[in-house]
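Here's the structure we're looking at; comments come further down.
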Amino acid sequence: ALTHGTGVDVVLECSGAPPAVNMGINALKKRGVFTQVGLFEVNVGADLTLICYKEINYKGCLSKTNWSWRRTVQLMQQEALPLGALVSHVFPLGDWQQGFDVADRKEGIKVLLEPRPGKYA
């Protein structure tokens, strides 16, 4: 409705929530770009036929290129990203096991290990 039936140019699926794939594909306009960033724990069951019909450019990304890390650090230094809202837990580096346990139990959004106390808390 927001695009008046045209669809969006780009979808970045970062949640790893299976329903988000079909929602994103359906939201794309013809020849749109879908980038999968979030990782799934189950089979997604997406309607891949729509990728052909809509001629979607579907790609995956783990954000592990040198460029992506440099760009992210640059944006963080400029405070251009509202990252604080994503951080659910901050642990001193010495409490790394507790941080890993929280992350393994999926009790947080982003868990940070802080090498310098007070910097991010």
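Brief remarks follow.
- For the chain, carbon and sulfur atoms together expose 58% of the accessible surface, with a 1.4 angstrom probe and every protein chain in place.
- Taking the Cα centre of the chain as origin and assigning +1 to Lys and Arg Cβ atoms and -1 to Asp and Glu Cβ atoms, the resulting dipole is close to 460 debye.
- Choice from Arg105, Arg71, Arg31 with maximal GNM fluctuation in the chain (Cα, 10 Å cutoff): Arg105
- Surface calculation, 1.4 Å probe, protein heavy atoms: Phe100 sits at approximately 110 Å² accessible.
- Efficiency of FRET from Cβ geometry, Leu75 and Asp9, R₀ 25 Å, rounded to 0.05: 0.75
- Relative contact order computed over the chain (Cα-Cα under 8 Å; 6+ residues apart), in percent: 17 percent
- Calculated on alpha-carbon atoms, Rg and Dmax of the chain in Å: 17.9, 52
- Dividing the summed -39500 (n - 2.57) terms of all DSSP H runs of n ≥ 4 by the residue count of the chain sets its mean residue ellipticity at 222 nm at -8500 deg cm²/dmol.
- Per residue accessible area of the range 7-121, 1.4 Å probe, in Å²: 73 Å²
The values are calculated or read from the model by the stated rules, or taken from the named source; none is laboratory data. Just so it is clear, the structure is predicted and the values come from calculations on it, not from any experiment. Here Cβ is always computed from backbone atoms with ideal geometry, including for glycine, and neighbour counts include all displayed protein chains. Areas reflect the complete protein model, heavy atoms only, side chains present, ligands, DNA and RNA absent. Shrake-Rupley method; radii C 1.70, N 1.55, O 1.52, S 1.80 Å.
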